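**Student:** Quick one: structure below, then a few questions.
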Amino acid sequence: MKKLSPQICFLIFKILGFGLLFATWLLSGDVTGFFLILFLIAMSLLRRRVHVARFTIIIDIIVCTILATSWEPWEYSVYTLGLLLFQAIYLGVYPAILTLLYLFYEFSPLLLAIFIFSAICGLFLRFWNLEFSEKFKERDKLAEKYYELDELKGDLSVALTQVEQMTAVAERARISRDIHDNAGHEIVAAYISFQTARQLFEGGNADKNVLELYDLALGRLDSGVNKIREAVHNMSTIISPGVEKLQGICESFPVCDVEFNVYGDTSKVAVHAWLMLESCLNESLTNVLRHSKAKKVTVNIDATPHLIRLLVENDGSLKNNKPMGRGLRNLRHRAAAIGGTLSVDAGEVFRVICVIPINNQKEAEAEDEIIAS
Amino acid sequence: MTIFRYAMIKGLQGKLTLICNCILPLALIFLRPLWTGDFQLGFSIMAFAIMSGTFLISQGIMEDRVDNTITRILAAPVTMFNYLVQKLLAYIVPITVVIIMVCLIGFALYDWTFSFTIALMLCYNVFAIASVALTFAWVCLFKSKETSMGTFSMFLTAMAVIGGLLIPVEVLPTAIRYIGAFSPSYWASTGIGSLLLDGVTLRYWLSIAIMAMFTVIFLLYGGKRRIV
């Protein structure tokens with residue numbers, strides 16, 4: 001069963017009102033009265049179905065007042081004014097209260113009672129409806145917050161997975177680089193030395209068995225070098241998070257030119273910070289695509305020893321735009337989670353600035369030492 | 001206007017629809033006894049023919065819904081408002097043309113005055129539009145074509161009787177007349193009656209206005225119901 005609401009009560013009151021008007025029409029049998037009732041029903045349906053302005057009720061009152069003298073006896077037409085007064089007050093069209101002036105023209109205690117009753121009912125239902133609407137608005141706000149938090153939770157879990165994956169990828173890249181730069185070079189150098197020594201052995205009186213054993217060892221070393229090279233090749237990553245990836249995103253942006261600048265040393269920036277900057281850049285460019293008429297976008301990355309800053313600005317800021325949508329709000333939470341900040345400047349040039357601190361390991365160790373001493 | 005064109009073609013393809021909408025009204029106007037003498041039954045019989053014709057032709061909305069044509073139409077970039085406007089226009093235009101022809105023939109054959117012909121034309125046209133709106137609101141209530149057709153046929157006959165199209169309004173008991181006032185047919189016969197007796201009077205204009213109000217109410221009611 002449907003719960004009783006102000007709208008339902010309003011509808012019941014209206015139906016009852018129209019029912020009573022039809023009853024009065026049955027008593028009079030006047031054609032004008034019938035037309036008036038139909039007109040009021042049509043206008044009422046129009047307001048309900050098509051959502052025209054509530055002030056159209058003034059038209060109803062004017063038509064009713066004009067036709068008041070045509071419906072015999074005249075009291076019947078004034079009853080319609082009572083119903084209209086109720087509707088007008090419910091809809092918040094308070095100037096309709098002026099219909100009470102009709103009483104100065106033709107006074108009757110019954111009419112006064114009808115007018116007062118209609119006005120009180122309309123006022124009561126209006127306040128009830130306002131309270132009801134407030135509750136609905138509050139519920140909608142709470143629901144919106146809930147969905148926002150839910151979305152943020154999803155974003156954070158996706159970001160966490162990405163960080164895990166990219167950390168693994170970065171670690172693999174570091175291992176392969178270390179093998180290639182350190183162990184690999186040493187082994188290759190040893191291999192070349194052994195090959196040179198082999199040529200020296202051939203010139204001397206080396207034992208045949210020793211040479212065979214030497215060749216076998218050299219062959220195995222050759223095989224080992226190839227395996228190390230293959231392993232290093234397999235471990236190295238195709239795409240790694242960093243400046244190149246952000247540049248790639250900017251270059252593939254389809255709408256307008258994106259100027260991409262990098263200042264400072266970005267080699268100390270951690271993987272999770274790059275991922276955050278990547279998400280921020282993606283969101284900013286998506287916003288440019290959806291909510292602006294930008295002709296030029298500038299992306300600046302400033303890296304200092306302590307922090308990295310991403311600035312995305314576009315010249316197509318629209319006046320009606322909200323400064324910060326849900327996507328940017330979620331990113332602000334993510335930035336805060338890693339100790340960073342995200343701010344938006346919605347002036348003539350729309351700017352998104354993301355600042356993330358760099359955890360310098362050497363400095364951290366030095367700080368620890370100072371604390372320990 | 002593709003929907004309008006095809007709705008009109010489809011609407012007039014049925015033999016019965018074509019007869020009720022075009023042939024019968026045009027044939028009736030040539031039956032001199034109906035339009036002369038004391039009783040002049042032709043006016044109310046014509047209104048009944050218009051009501052039946054519009055009822056039959058307006059079933060197209062129900063057919064579209066039953067065979068899912070409407071779903072396919074709305075898959076195209078056509079709004080529901082656009083669809084309904086074109087459909088209803090397609091049902092109103094043929095009968096309007098026929099009404100104009102009938103009135104012009106009547107004007108030529110039976111010495112009607114020019115103002116009487118125009119007033120009659122207006123009355124029939126408003127009634128035809130109200131009938132289309134009524135049928136539209138009615139078919140929006142039902143999901144099955146058979147149920148809609150069966151119940152509406154009975155409703156139509158009852159409306160014709162209590163509305164004074166088959167029996168003169170004056171003959172009907174007062175209570176029945178009050179019930180009949182809730183159908184457009186009553187106001188059509190009242191309008192025609194006052195036109196025949198007194199000419200274009202306030203009562204005639206009120207009848208027209210009431211039929212127009214019925215049209216608005218039916219369209220507003222039907223237009224907001226789900227028909228897909």
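The values are calculated or read from the model by the stated rules, or taken from the named source; none is laboratory data. The structure displayed is predicted, hence computed values, not measured ones. Neighbour counts run over all protein chains shown; Cβ positions are idealised from the backbone, glycine included. Only protein heavy atoms, including side chains, enter the accessible area calculation; ligands, DNA and RNA are left aside. Shrake-Rupley method; radii C 1.70, N 1.55, O 1.52, S 1.80 Å.
**Student:** In the stretch B:198-218, what residues drop by 40 Å² or more in accessible surface going from the chain by itself to the full protein assembly, probe 1.4 Å?
**Tutor:** B:L206, B:I210, B:M213, B:I217
**Student:** For the stretch A:38-54, state which residues have at least 40 Å² less accessible area in the presence of all protein chains than in their chain by itself, taking the probe as 1.4 Å and leaving out ligands, DNA and RNA.
**Tutor:** A:L38, A:A42, A:L45, A:R49
**Student:** On to the next question. Tally up the carbon and sulfur contribution to the accessible surface of chain A as a whole percent, 1.4 Å probe, everything protein left in place.
**Tutor:** 61 percent
**Student:** I've got another one for you. Is it possible to state the helix-based mean residue ellipticity at 222 nm for chain A, with each DSSP H run of 4+ residues giving -39500 (n - 2.57), the sum divided by total residues, to the nearest 500 deg cm²/dmol? What is it?
**Tutor:** -23000 deg cm²/dmol
**Student:** Keeping all protein chains in place, calculate the accessible area per residue for the stretch B:159-223 (probe 1.4 angstrom), answer in Å².
**Tutor:** Heavy-atom accessible area per residue stands at 41 Å².
**Student:** Please give the solvent-accessible surface of A:R54 in Å², to the nearest 10, using a probe radius of 1.4 Å with every protein chain present.
**Tutor:** Solvent-accessible area, nearest 10 Å²: 100 Å².
**Student:** Next question. Given the pairs A:K153/A:K245; A:K3/A:K135; B:K15/B:K87; B:K10/B:K87; A:K245/A:K268; A:K3/A:K137, which are separated by over 22 angstrom at their Cα positions?
**Tutor:** A:K153/A:K245
**Student:** Follow-up question, since we're still on this one. Between helix B:184-198 and chain B, what is the angle of the helix's C-alpha long axis to the longest principal axis, kept within 0 to 90° and rounded to the nearest 10?
**Tutor:** With both axes taken from Cα atoms, the answer is about 30 degrees.
**Student:** Which residues of the stretch B:150-178 end up with at least 50 Å² less accessible area in the presence of all protein chains than when their chain stands alone, using a 1.4 Å probe?
**Tutor:** Buried by the other chains: B:Y178.
**Student:** Averaging the inverse of every distinct alpha carbon separation and then flipping it gives the Kirkwood radius. What is it for the stretch B:56-105, in angstrom units?
**Tutor:** 12.2 Å
**Student:** Same structure, new question: Please give the solvent-accessible surface of A:H51 in Å², to the nearest 10, using a probe radius of 1.4 Å with every protein chain present.
**Tutor:** 140 Å²
**Student:** Something else about it: Probe 1.4 Å, all protein chains in place: accessible area of A:E259 in Å², nearest 10?
**Tutor:** 70 Å²
**Student:** By accessible area of protein heavy atoms, probe 1.4 Å, what ranking do B:F152, A:F350, A:F127 get, highest first?
**Tutor:** A:F127, A:F350, B:F152
**Student:** Show me you know the interface measure: the accessible area buried between A and B, both chains summed, probe 1.4 Å, in Å² to the nearest 100.
**Tutor:** 1600 Å²
**Student:** Over the stretch A:63-161, give the accessible area per residue in Å² for a 1.4 Å probe, as an integer.
**Tutor:** With all protein chains present, the stretch A:63-161 gives 61 Å² per residue.
**Student:** May I ask what percent, to the nearest 5, of DSSP beta bridges between residues of chain A are antiparallel?
**Tutor:** So the antiparallel bridges amount to about 75 percent of the total.
**Student:** If you don't mind, there's one more thing I want to ask. Nearest 10 degrees, 0 to 90: what angle lies between the long axis of helix A:326-337 and the longest principal axis of chain A (Cα atoms)?
**Tutor:** 50 degrees
**Student:** Count, for each residue of A:27-33, the Cβ atoms from other chains sitting within 10 Å of its Cβ, then give me the mean as a whole number.
**Tutor:** 3
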